[in-house]
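What follows is a set of notes on a single structure, which appears directly below.
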Amino acid sequence: MIGWPVKHSRSPLIHGYWIKQYRLDAEYRREEIAPEAFPDFIAHLQERGYAGANITIPHKEMALTLSEPDDRARAVGAANTLWYENGRLHSTNTDVEGFTANLDAAVPDWTKRLDEAVVLGAGGSARAVIYGLIERGVAKIGVVNRTPERAEALRARFGQSVHPVHWSALPHLLARANLLVNTTSLGMTGQPPLAIDLGPLPRHAIVADLVYAPLETPLLAQARARGHAVADGLDMLLYQAVRGFQLWFGVRPEVTQELRQVVETDLVK
Ligand code: NAP
């Protein structure tokens, strides 16, 4: 995992768990690399013994320009996973798969009953979520953001299925939604709460939150209490790690309850 800083990352725990489980002769390390040193570090990644890397803040946009991005990384505008194929450095954005695979696991038929989704937020993770929803054929995606220009920019990036909507219109939007996703940092430990009333949301709608600290956000607690199916941020984090591991080691690892418990224990430490 390459970042600046990188200490907080849970990826070494997740990949370290799978490396041990599959008895691989490998190691997953943290590399704290300043922005000015990043291009050189990437240029010599293989010489340093690496099969690839995860990339985090602030290098995700730079990683895109230093590699051959797939459709997901290009659409999202950021790469979080690098790997070599035929000697060339490729990149993808695994948050897209993390988001959709988490929903597949939590609510297997989620795409069947989905025509309208609401996404709160318009930052980096919103781009991955919106691209995932478009990949799965969701026709209408309402995007609500504090800074309206950023939601407008997502319509320009992703096209007509994205509908920027003002916060004040959220109750009307919720009344028609089959899926609500929080991609803002609101509700996260140390951040302001996400003040939202799920009252208008139909009972069959699914609620997903990308925030995983706390594990059970007030949004998810409210959704569970109302009987909605939910998908949480920690499971998304685990599912987004699957593809990187597969690309580096050729084994598609499993997200299990035991792995989740390991990361949960670390998060509440
Ligand atoms: P980001 O690019 O910085 O975007 C942050 C978003 O939150 C923006 O839409 C921003 O609105 C909004 N926001 C922040 N403070 C706000 C406030 N006080 N009031 C209203 N809106 C506010 O961040 P990101 O990378 O998308 O990450 C967002 C969250 O998702 C973080 O908690 C992160 O940990 C989590 N995440 C989880 C996973 C996972 O695997 N579970 C993956 C990626 C991200 P403005 O545009 O108006 O600033």
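The values are calculated or read from the model by the stated rules, or taken from the named source; none is laboratory data. Note that this is a predicted model, so its numbers are computed, not measured. Virtual Cβ from ideal backbone geometry, glycine too; neighbours counted across all protein chains shown. Surface accessibility is based on the protein's heavy atoms, side chains included, excluding ligands, DNA and RNA. Shrake-Rupley method; radii C 1.70, N 1.55, O 1.52, S 1.80 Å.
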Legend entry - Residue satisfying all of: in the range 81-125; closer than 19 Å to Leu201 by Cβ and of a type in the set (A, V, I, L, M); nearest to the ligand (Cβ to nearest atom) among these: Leu120
Legend entry - Scope the range 223-254; condition more than 12 Å from the ligand (Cβ to nearest atom) and not in a helix (DSSP H, G or I); matching residues: Arg226, Gly227, His228, Ala229, Val230, Gly250, Val251, Arg252, Pro253, Glu254
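May I ask you to verify whether Leu24 is open to solvent by less than 10 Å² (accessible area, probe 1.4 Å), in contact (Cβ under 8 Å) with a residue 12 or more places away in the chain and either more than 30 Å from Ala117 (Cα to Cα) or among the hydroxyl-bearing types (Ser, Thr, Tyr) (or both)?
No; evaluated as a whole, the condition is false for this residue.
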Inset, instruction - Determine if the range 182-200 includes at least one residue that is more than 8 Å from the ligand (Cβ to nearest atom), more than 30 Å from Val268 (Cα to Cα) and open to solvent by 10 Å² or more (accessible area, probe 1.4 Å). - result: yes
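Restricting to the range 158-211, count the residues that are of a type outside the set (D, E, K, R) and either part of a loop (DSSP other than H, G, I, E, B) or at positive phi (or both). Write out each step before concluding.
The initial filter retains those residues of the range 158-211 that are of a type outside the set (D, E, K, R), namely 158-175, 177-196, 198-202, 204-208, 210-211.
Then drop every residue that is not either part of a loop (DSSP other than H, G, I, E, B) or at positive phi (or both), which leaves 159-161, 166, 177-178, 183-196, 198-202, 204-205, 210-211.
Adding up the residues that qualify gives 29.
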Inset, instruction - Would you please list the contacts, defined by Cβ atoms under 9 Å and residues six or more apart or on different chains, that run from a residue in the range 231-259 that is under 21 Å from Glu216 (Cα atoms) to a residue that is of a type in the set (Gly, Ala, Ser) and away from the ligand (no atom under 12 Å from the Cβ)? - result: Ala231/Ala105; Ala231/Ala106; Asp232/Ala106; Asp235/Ala105; Asp235/Ala106; Tyr239/Ala105; Val255/Ala105
Legend entry - Looking only at the range 42-89, and only at residues there that are on the phi > 0 side of the Ramachandran plot and either in contact (Cβ under 8 Å) with a residue 12 or more places away in the chain or not small (Gly, Ala, Ser) (or both), the one that is most open to solvent (accessible area, probe 1.4 Å): Asn86
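Filter the range 208-222 down to the residues that are of a type in the set (Asp, Glu) and either open to solvent by less than 30 Å² (accessible area, probe 1.4 Å) or within 12 Å of the ligand (Cβ to nearest atom) (or both) and list them by number.
We begin by selecting, within the range 208-222, every residue of a type in the set (Asp, Glu); these are 209, 216.
Asp209, the sole residue that qualifies.
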Inset, instruction - Can you give me the number of residues within the range 132-157 that are surrounded by fewer than 24 Cβ atoms within 10 Å (Cβ to Cβ), more than 13 Å from the ligand (Cβ to nearest atom) and assigned to a helix (DSSP H, G or I)? - result: 5
Inset, instruction - Taking only the range 142-184 into account, find how many residues are more than 23 Å from Arg74 (Cα to Cα) and basic (Lys, Arg). - result: 2
Inset, instruction - Answer yes if at least one residue in the range 192-204 is under 21 Å from the mean Cα position of the chain (by Cα) and free of Cβ contacts under 8 Å to residues at least 12 places away in the same chain, and no otherwise. - result: yes
Inset, instruction - Could you list, in sequence order, all residues of the range 111-122 that are assigned to a loop (DSSP other than H, G, I, E, B) and either modelled with pLDDT of 95 or more or acidic (Asp, Glu) (or both)? - result: Asp115, Gly121, Ala122
Inset, instruction - Evaluate the following for Leu247: is it touching a strand residue (DSSP E or B) at 6+ places or on another chain (Cβ under 8 Å), more than 21 Å from Gly121 (Cβ to Cβ) and open to solvent by 30 Å² or more (accessible area, probe 1.4 Å)? - result: yes
Inset, instruction - Take Leu103 and decide whether it is under 17 Å from the mean Cα position of the chain (by Cα) and either over 30 Å from Ile134 (Cβ atoms) or open to solvent by less than 10 Å² (accessible area, probe 1.4 Å) (or both). - result: yes
